[in-house]
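This report concerns only the one structure given below.
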Amino acid sequence: MSGYIKDIITGLKSLVVGLQITNKEFLTKPITLQYPHQSVKMYPRYRGHIELLKDTETGTHRCITCGMCEKGCPSGSITVKSEKRPGVKGKVLTAYILNFTTCSLCGQCVENCKPEAIGFSNEYNLASTRREDYIFDLLQRLHPEGVPEPEVDPELLKKELEKKEAAKKEGAAKKEPAKKAPAKEGGASKAEEKS
Amino acid sequence: MNELIRLLAYMLGLAAFLGLNLAYLGWVERKGAGHIQRRTGPKDVGPYGLLQPLADGLKLMSKQLLIPANADRPLYMCAPILIMVPAVLLFVAIPFGEHLVPREFNFGLIMMFAFASVGGLSILIGGWGSGNKYSLIAGTRAVSQNVAYEIPMLITAINIVMITGSMDLNEIVRQQGSYFWQWNVFRLDKSILMPVSFLVFFICSLAETNRTPFDLGECEGELVAGYHTEYGGMGFGLFMMAEYANLVIGCSLTTILFLGGWQCPFGLFPGPHWFLIKMYFLIWCFVWIRWTYPRTTFWGLLNLSWKYLIPFSLVNLLLTALFIKVF
Amino acid sequence: MSTLAQSQLRETFELNIGPQHPATHGVLRIKVVMDGEYIDRAEPILGYIHRMHEKMGENRTWNQFWPNMGRLDYLSAIAYNHCYAGLVERAMGIVVPERAEYIRVITAELNRIQSHLLGFGAYIMDLGGFTPLMYAMDEREQILDLLESVTGSRLTYCYFRFGGVYNDIDDDFITGTRAFLKRFRPQIPMYHKLVTGNVILMDRLIGVGPVSAELCRKYGATGPVLRGSGVNYDIRRNEPYSVYPELDFDIPVYKECDSMARYMVRMDEMVQSCRIIEQALNKLPEGPVMAEKVPKSLKPPKGDYHYAVEAARGTFSMRTVSDGTNTSYRMRLRSPTYSNVSLFEEASRGMLLSDALAFLGSLDPVIPEMDR
């Protein structure tokens, strides 16, 4: 009988303690951040989608189109398009396509990039109704006003032009003996057939 | 003619009171839940979220009323109406002020309990008529809960009837004197266990209105949403409104029987404002309790009633009878 | 009465606790044959979120497999990172600098606290109390903010690398963590007062879902499930790794074998994790956070390697067979939830349905980890 009464009293006490705690919480200020009206604090290391970083000296990106990011991506989200322009050392980046729908923000691309051309951005406000909006061209995003043409090095251009000329002459010289050689060989085989 | 005008005025007044309450008790609950949980409740729709019930009502009314294929059509469609009608009907007998009663019945208390039982039946009808195993289980649980908790409620009410000698609700309030130590909850000269009686009645109201921690019928995490799983749109809206209407009835009954109804605690200005203050304080207690405790098990619920509440109320009944006879 | 008549009297019906359910912590389907309110037989059906992580292990290079480790058990991702890093470091013989080891332990224990907070909150919500979840989420947000300032992610961490960690922690993190510990320590007694001591909750948890130590051994259950049944087994003590041997902490073990014991193990583990973090912060040495000369394209020597860690849910271990190329031949992930949930079938016979769901919640399953 005393156990019965004791049960009831401890039970009731625990219930009252619970009510006291919720009462205290009711009287404290809420901690909600009213999101659209107040903005969220972003940390500098936050991993948004990657972006081409602007080099302060040259005013453009540092990408050398080696493709290590493309090879290192587990999901195949990156496509690097480049072409060779006359007078410019190395290849020129024409488009850097990131398919953000398959990106898992692992950071392999950022780590593998030797010239540190890409880094994480701070964007979290990406909402859209179409899948195509998530296929970013990072070069366009870096230079929305228009991609600047790369500097043409005049000496390099002269050397390339000279190389081209030299290669053309070699090609022309090779063609003439090549024309004779097949004729000779054809004659030799015919001679063999005859004999 | 006068009587007709009076009745019409009361009906309009009650309709307004009821409508406002049913809509805005939801707001009170959500705001209370928010602040208890360290967040704000609804905030954007109107100042302090006050237009939220309007938005909710519009949303519910604009939804398509789907009737599941293997539901029992008459039962399915009757249940929300059947649960709403008794709750609304009972407001006729509640004394808001000394002369502010729509109609004084001299069997007011019995009428309350009779109509409250119909509410329990309609839960079962809703659960059965949905044609869903989950709803059926929930409906049967709700009925057995309702039956188990009506008994201590009735026994405790008999206490009050014995003390007062009448079942008229206004008479019960009049007999409790003006000052708060003369209210029934503190009247230890009638029975030493009167506060315990009040507690028993309060717990039974919690269980009768299907509120946490006794809400096994409705918002189960286990069985999706209980007896109103299959209801959408305004059918669901009616169930929610009926729950709040039952809540108001339960709290008003507790106020009338134990806390002195429209009496003022210091004998100054009795009136309907005191009734409303006490009723809303009890409603706030219901909301507070809901957001603090988890749900009991079904067996725990029945144990509480049959092994704890009923013995207590019976003992109290005997004690009250003894005290009345002797003193 | 003849048995035929008896079995005809006893009508059972089948209930599907479907993949979409508020209380199954993910997409788990349980086909339950019920006799009134009691469970006759329960059959968990898996595979609704099988994403073939083990096959991906065979097709990706060692470096490319990193994102997968954050997506298995998303609540305990740092422990999974730790296991993978330890595995390949063991295979290649890479030595991790001290500072990196301590940083790994600090972040892993913060992650453990966060996972237990969510598990506790979601469990009490299943039982009907919505408020403790909100309080737990508040504390969890503080931890997530701390970890975000260091790693950059809030949930699916990809922070460890072979030979250390990706970037170093700064003073803001250290002061922030100390402030968090100071705020968090008084909250646990508050939870005990609000939740654990509550008579309604005690009625719901005590005696529910008894799982004996033999049953745990039969199915290979580990973690809080095993420690709630009286067996003192924790990878951090039994097969020590990283710098855990140098830190002083207790392993909570409860003998009652019911849901309350498992719940108390988790609450006590949170307190012990606070102790570990504090000691690690005090002992944090200076130095590099990445080993030198880790090759970019890894080719571990041929062989069979194994590494186990204590994740929030139990023992997570990985076994890999390497054939000397830059992808592995076979990557085997042993998830703790798979073994824990396989207890459900045998332990739930004859239980009430609501008790069975309380039992499932106390096992703290995370279904994507179970299905891999």
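Averaging the Cα positions of each part gives two centres, and for segment C:266-343 and segment B:103-132 these lie 61 Å apart. Listed by number, the DSSP H helices of chain B that run 30 Å or longer by alpha-carbon position along their axis and have mean Kyte hydropathy of at least 1.6 are B:108-129.
Shape annotation for segment A:1-102: C-alpha extents along the principal axes are 99, 31, 20 Å, from largest to smallest. Look at the Cα gyration tensor of segment C:144-217: its axes a ≥ b ≥ c give a/c of at least 1.5 with a/b at or below b/c, and that counts as oblate. Short-range pairs are left out: with C-alpha atoms under 8 Å and at least six residues apart, the relative contact order of segment C:20-177 is 22 percent.
Residues B:36, C:103, ranked from the fewest to the most other C-beta atoms within 10 Å, line up as C:103, B:36. Does segment B:57-126 come out rounded, prolate or oblate, given a ≥ b ≥ c as the square roots of the eigenvalues of its C-alpha gyration tensor, rounded meaning a/c under 1.5 and, failing that, prolate meaning a/b above b/c? Since a/c reaches 1.5 but b/c is at least a/b, the shape of segment B:57-126 is classed as oblate.
Among the chymotrypsin sites (Phe, Trp or Tyr not before Pro) in segment A:43-100, none sits in a DSSP loop with a Cβ that has at most 13 other Cβ atoms within 10 Å. When the charge dipole of the protein assembly as shown is built from unit charges on Cβ atoms (+1 for Lys and Arg, -1 for Asp and Glu) and taken about the Cα centre, the candidate among C:28, A:4, C:195 whose Cα reaches farthest toward its positive end is C:28. Could you work out the longest stretch of chain C that avoids the GluC sites (Glu not before Pro) located in DSSP loops with at most 11 other Cβ atoms within 10 Å? Of all site-free stretches, the longest is C:12-285.
The alpha carbon centroids of segment A:116-150 and segment C:16-50 are separated by 45 Å.
When the Cα positions of C:103, C:125, C:92 are compared along the charge dipole of segment C:90-139, C:92 comes out farthest toward the positive end, with charges on each C-beta of Lys, Arg, Asp and Glu.
Each Lys and Arg contributes +1 and each Asp and Glu -1, all at the Cβ; summed about the Cα centre of segment C:214-301, the dipole is approximately 440 debye. Multiplying the residue separation of residue A:84 and residue A:116 by 0.36 nm and subtracting their alpha-carbon distance yields 9.4 nm. Run down the aspartates and glutamates and flag those whose C-alpha is under 19 Å from the C-alpha of residue B:307, throwing out any fewer than 8 positions away in its chain. Residue B:307 reaches A:7, B:150, B:208, C:203. Mean separation of Cα pairs under 8 Å and 6 or more residues apart, divided by the residue count, gives segment B:227-327 a relative contact order of 16 percent.
The helix-only estimate of mean residue ellipticity at 222 nm for chain A, built from DSSP H runs of length n ≥ 4 each weighted as -39500 (n - 2.57), is -14000 deg cm²/dmol after division by the residue total.
Model label sites at residue C:251 and residue B:104, defined 7 Å from Cα along the beta-carbon direction, differ in position by 7.6 nm.
What FRET efficiency comes out for residue A:141 versus residue C:155 if R0 is 30 angstrom and r is the Cβ-Cβ distance? Round to the nearest 0.05. Calculated transfer efficiency: 0.70.
Each Lys and Arg Cβ is given +1 and each Asp and Glu Cβ -1; about its Cα centre, the protein assembly as shown then shows a dipole of about 1680 debye. Pairs of Lys residues in segment A:1-64 are counted when their Cα atoms are under 27 angstrom apart and they lie 8 or more places apart or on different chains; the count is 4.
In chain C, the DSSP-assigned H stretches of four residues or longer account for a calculated mean residue ellipticity at 222 nm of -14500 deg cm²/dmol, using -39500 (n - 2.57) per stretch and the full residue count as denominator. Principal-axis analysis of the Cα atoms of chain A puts helix A:154-194 at an angle of about 60° to the longest axis. How far is helix A:2-26 tilted off the main Cα axis of chain A, in degrees rounded to 10, range 0 to 90? Once rounded, the angle reads 60 degrees. Of the complete DSSP H runs in chain C, those spanning 24 angstrom or more by Cα along the long axis with a mean Kyte-Doolittle score not below -0.5 are C:98-126, C:131-151, C:259-283.
Taking the charge dipole of the protein assembly as shown about its Cα centre, with +1 at Lys and Arg Cβ atoms and -1 at Asp and Glu Cβ atoms, the residue from C:13, C:219, C:158 reaching farthest to the positive side is C:158. Label point of residue C:59 set 7 angstrom out along Cα-Cβ; within segment C:321-339, amide nitrogens under 18 Å from it belong to C:326-333.
Counted by Cβ distance under 15 Å from residue A:31, the other residues give a net charge of +3, where Lys and Arg count +1 and Asp and Glu count -1. Could you let me know the centre-to-centre spacing of segment B:223-264 and segment B:5-74, using Cα atoms, in angstrom? When both Cα centres are located, 12 Å separates them. When you restrict to C-alpha pairs under 8 Å that are six or more residues apart and normalise by the size of chain B, the relative contact order lands at 23 percent. For chain B, what is the mean residue ellipticity at 222 nm derived from helices alone (per DSSP H run of n ≥ 4: -39500 (n - 2.57); sum divided by total residues; nearest 500 deg cm²/dmol)? So the helix-based figure for chain B works out to -21500 deg cm²/dmol.
Read-outs: derived from the displayed coordinates by stated rules, not from any lab. Computed from a predicted structure; not experimentally measured. As a convention, Cβ positions derive from the backbone with ideal geometry for all residues, glycine included, and neighbour counts pool all protein chains shown.
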